[in-house]
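The block underneath contains the structure these notes are about, expressed in structure tokens.
The values are calculated or read from the model by the stated rules, or taken from the named source; none is laboratory data. Only a predicted model underlies this, so the values are computations on that prediction, with no experimental measurement involved. Heads up, the Cβs are rebuilt from the backbone with ideal geometry, glycines too, and the neighbour counts pull from every protein chain shown.
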Amino acid sequence: MIAHYTIHAEPVMLSNQWSVKMDSDYRPTYNAQPTQKLPVITNTESDRLSFMHWGVIPDMARKKSVSPKLLAVDLEELKSKQIHQSNLLKARCLIPMHGYYWDRPIGKKKRSPMYTFLNNHEPLAVAGLWGQFDDFDGNVHFTFKLITQRAPSAYRELGNEIPLVLKNDLQMDWLSSSKSYDDLIARLSLPELPTTGSYAVSPRVLDLACDDENLIKSTNPTDQHGNYTLFD
């Protein structure tokens, strides 16, 4: 499962790459986490960077972990469930991302934190869906989730699922209001498989308070407790 990711580009890079107006709320991060407000580009405001909570708002996740179904939806599930098909037509977004963290299983109980970077550490656009809801006080909140795909056999060293990266020439089509359901699915069926690399990183990434460039530095493989492991 993709539970953390990075988006650490300078504002001018994001503005130039996607021709969007920047917001003063933008902060580069090496540890983007569920419930945080993170940058997205939506189909309804494609000329600016918007900020939405990943998965759920913090108040709804104080005493329990966030369900993976709120963070991401698999492409095959997206095609098969009506609720996702409805969202696909009206609420799409691009999620700028440099890379993502995932856990490599070691036996039954241990796992080693890994980092997979995309496109030589340059930001790419991951396809996503967004939504909105009102809380009990009448406040409106916006959330988003990633669209993922099952990793092809050649990419299994990057985890069982990988984010669905859109090619540059498909990104504006993805946000276009004139596309039909079949058009959109066709674009998702042509996913970019960017230049990638994957390596072990420090278990500090599991500390929600840590957010610095040292998190993406390659280290000797360790489990989630910092104990060295034998795999390479």
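Residues to consider are Ala61, Ala72, Ala91; find the one that is surrounded by fewer than 17 Cβ atoms within 10 Å (Cβ to Cβ) and among the hydrophobic types (A, V, I, L, M, F, W, C).
Ala61
Could you go through the stretch 55-67 and let me know if any residue there is touching a Lys or Arg at 6+ places or on another chain (Cβ under 8 Å) and more than 22 Å from Leu118 (Cβ to Cβ).
No, the stretch 55-67 contains no residue that is touching a Lys or Arg at 6+ places or on another chain (Cβ under 8 Å) and more than 22 Å from Leu118 (Cβ to Cβ).
Table: residues versus (1) of a type in the set (S, T, N, Q); (2) under 14 Å from the mean Cα position of the chain (by Cα).
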residue: Ser86; (1), (2): yes, no
residue: Thr116; (1), (2): yes, yes
residue: Asn120; (1), (2): yes, no
residue: Leu129; (1), (2): no, yes
residue: Gln149; (1), (2): yes, yes
residue: Pro152; (1), (2): no, no
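Answer with yes or no whether Leu38 is at pLDDT below 95 and aliphatic (A, V, I, L, M).
Answer is no for this residue.
Within the stretch 146-157, is there a residue that is loosely packed, with under 11 Cβ neighbours inside 10 Å and modelled with pLDDT of 85 or more?
Step one: list which residues in the stretch 146-157 are loosely packed, with under 11 Cβ neighbours inside 10 Å, which gives 153-154.
Now narrow it down to the ones that are modelled with pLDDT of 85 or more: none.
No.
Could you tell me whether any residue of the stretch 192-212 is under 25 Å from Met13 (Cα atoms), modelled with pLDDT of 90 or more and acidic (Asp, Glu)?
Yes: the stretch 192-212 contains one or more residues that are under 25 Å from Met13 (Cα atoms), modelled with pLDDT of 90 or more and acidic (Asp, Glu).
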